[in-house]
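Written below as C-alpha cells is the structure these notes are about.
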Amino acid sequence: VEQQGAVELRERPEATASGSGLLAGKRILVTGVLTDRSLAYHAAVRMQELGAEVILTGFGRAKRLTERSTNTMPRRAEVLELDVQSDEHFERLASDLDERWGGVDGALHSVAFAPPELFKQEFLEADLESVETAARISAYSLQPMARALLPLMQRNEGGGSIAALTVEQRVRSHPYAWMGVVKNLLNAVARQLAVELAPHGVRVNLMASGPVRTNAGSVIPEFDEMERTYERAPLGWDVRNHAAIAGAACFLMSDLSEGMTGDVLHVDGGMHILI
Ligand SMILES: NC(=O)c1ccc[n+]([C@@H]2O[C@H](COP(=O)([O-])OP(=O)(O)OC[C@H]3O[C@@H](n4cnc5c(N)ncnc54)[C@H](O)[C@@H]3O)[C@@H](O)[C@H]2O)c1
C-alpha cells in the first residue's frame with residue numbers, strides 16, 4: 001500500500017452533532033476507506049458532518065491505515081474487519097452491526113481490486129484467475145454485502161440504501177479493458193439487486209465517478225491521458241478533488257433519494273454527455 005501525504009481538506013461547515021442535519025439518525029456503514037485520499041473517506045466525513053453515525057471497514061494489514069484515517073474525521077469512527085472475499089467476515093460484520101446499532105440505514109460499497117497483471121496483459125491474453133479475483137472483489141462482493149445487511153435494513157421503517165462506486169459504462173479504454181468489464185458486471189449486479197431488494201424497502205444505486213488520484217486510481221495505466229480527457233468535461237474536472245463524490249453519496253444515503261433505485265449518478269463534471 002502506497003503511503004501518501006495528508007490531503008488538505010476543503011473548508012467545511014462545522015461538524016453537525018448527531019441529532020440534526022440531513023443524515024441525522026442514520027447509521028451508515030462505509031467500506032473502502034484506506035487513506036484520506038480514498039473517495040469513501042470524504043464521503044464518510046461528509047456523512048458525519050450531516051449528522052450520521054458512521055462505522056468503517058478495513059481489511060488485512062491495511063486496517064491500521066483505515067484506523068489512522070479516522071483521526072482526522074470530525075468524530076473517530078469504529079473500524080470493523082472486512083475482506084469482501086470472506087463469508088465469515090460478512091457474518092461477523094452483520095452480527096457486530098446488530099450488536100452496535102440493532103439496524104443499518106445505509107451502506108457505501110467503495111471496494112475495488114485488480115491483480116497488477118490484469119493491467120499488464122493484453123485483453124486477449126488475460127488469465128482467468130486474475131479476472132476472477134478482480135470480479136469477485138470489485139463486483140460480486142456487492143451481493144454478499146447486500147445479503148449481510150438486508151436483515152438489518154429490513155427492520156427499519158424507512159428501509160435502507162446501498163450505493164456503490166463505478167465508472168461510466170460506455171468508457172472503453174485499452175488499458176482499463178478487463179476492469180471496464182468488471183465494472184459493467186458491478187453495474188449489472190447493482191441493477192439486479194435493486195429489483196430483488198425493492199420489495200424489502202432497500203434501494204441500490206451507483207455513482208459513476210470521473211478519475212481521481214487515489215490508491216486504486218493511480219494503478220490505472222495511462223491515468224495522465226485520462227486526466228487530460230476529463231479536462232474537457234463541461235464543468236471541468238479535477239483529479240485531485242477527492243471529495244467530489246461525497247455530496248452525491250450523502251444524497252443517496254438520505255431520504256431525499258427515497259424514490260430512486262437502480263440508478264447511476266454521474267459525478268464527472270458532465271463528461272458522460274460527451275462520451
Ligand atoms: N479513483 C478513481 O479514479 C475512481 C473512479 C471511479 C470509480 N472508482 C471506484 O471507487 C472505489 C474506491 O476506490 P478509490 O479510488 O477511493 O481507491 P482506494 O484505493 O482508496 O479504495 C479502494 C478500497 O478497496 C479496498 N479493498 C481492496 N480489496 C479489498 C478486499 N478484498 N476487501 C475489502 N476491501 C478491499 C481497499 O482497502 C481500499 O480501501 C472503487 O470501487 C473504485 O473502482 C474510483
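The values are calculated or read from the model by the stated rules, or taken from the named source; none is laboratory data. Everything numeric in this text was worked out from a predicted model, so none of it was measured. Here the Cβ is made from the backbone with ideal geometry for all residues, glycine too, and neighbour counts use every protein chain on show. Protein only, heavy atoms only, side chains kept; ligands, DNA and RNA dropped before computing areas. Shrake-Rupley method; radii C 1.70, N 1.55, O 1.52, S 1.80 Å.
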As straight-line cross-link partners of K183, the qualifying lysines (C-alpha separation under 26 Å, not fewer than 8 residues apart within one chain) are K63, K120
Would you pull out the residues with amide H under 5 Å of G160's amide H, same chain only if 5 or more places away, H placed 1.01 Å from N?
V202, R203
Area accessible to solvent at L185, 1.4 Å probe radius, in Å²:
80 Å²
Can you give me the solvent accessible area of S95 with a 1.4 Å probe, rounded to the nearest 10 Å²?
60 Å²
Go ahead and set up a Gaussian network model of the chain, Cα springs under 10 Å, then flag whichever of E49, E168, E81 fluctuates most.
E81
List the residues whose amide H sits under 5 Å from the amide H of L50, counting only those 5 or more places along or on another chain, with H placed 1.01 Å from N in the peptide plane.
T16
Sorted from largest to smallest, which semi-axis lengths in Å does the alpha carbon gyration tensor of the chain give for its equivalent ellipsoid, taking the root of 5 times each eigenvalue?
27, 21, 19
Rolling a 1.4 angstrom probe over the protein chains, ignoring ligands and nucleic acids, what is the accessible area of F90 in square angstrom, nearest 10?
10 Å²
Summing -39500 (n - 2.57) over every DSSP H run of at least 4 in the chain, dividing by its residue total and rounding to the nearest 500, the 222 nm mean residue ellipticity is -10500 deg cm²/dmol
Please list, in order along segment 116-127, the HN-Hα scalar couplings obtained from phi with the Karplus expression 6.51 cos²θ - 1.76 cosθ + 1.60 (θ = phi - 60°), rounded to whole Hz, x for Gly and Pro.
x, 4, 5, 8, 8, 6, 5, 3, 6, 9, 4, 8
Quick one: what are the phi-derived ³J(HN,Hα) couplings along segment 225-232, Karplus 6.51/-1.76/1.60 with θ = phi - 60°, whole Hz, x for glycine and proline?
5, 5, 4, 5, 4, 6, 4, 7
Can you work out ³J(HN,Hα) from phi for every residue in segment 199-207, in order, using Karplus 6.51 cos²θ - 1.76 cosθ + 1.60 and θ = phi - 60°, giving whole Hz and x for Gly and Pro?
x, 9, x, 10, 9, 10, 9, 10, 10
Neighbours of H200 by Cβ distance under 12 Å: Lys/Arg at +1, Asp/Glu at -1, summed charge +2
Starting from the amide H of G262, placed 1.01 Å from N in the peptide plane, find each other amide H under 5 Å away whose residue is 5 or more places distant or on another chain.
V204, N205
In degrees, nearest 10, range 0 to 90: what is the angle between the Cα axis of helix 142-154 and the longest Cα principal axis of the chain?
20 degrees
G160: net charge of surrounding residues, Cβ under 10 Å, Lys/Arg +1, Asp/Glu -1, itself excluded?
+3
Between Q143 and E78, what's the calculated FRET efficiency when r is the beta-carbon distance and R0 is 25 Å? Round to 0.05.
0.55
What is the log10 of I(q)/I(0) for segment 128-176, computed with the Debye formula using one identical point scatterer on each Cα and no solvent, at q = 0.21 Å⁻¹?
-0.87
About the Cα centre, and with charges only on the beta carbon of Lys, Arg (+1) and Asp, Glu (-1), how big is the dipole of segment 36-94? Nearest 20 debye, please.
360 debye
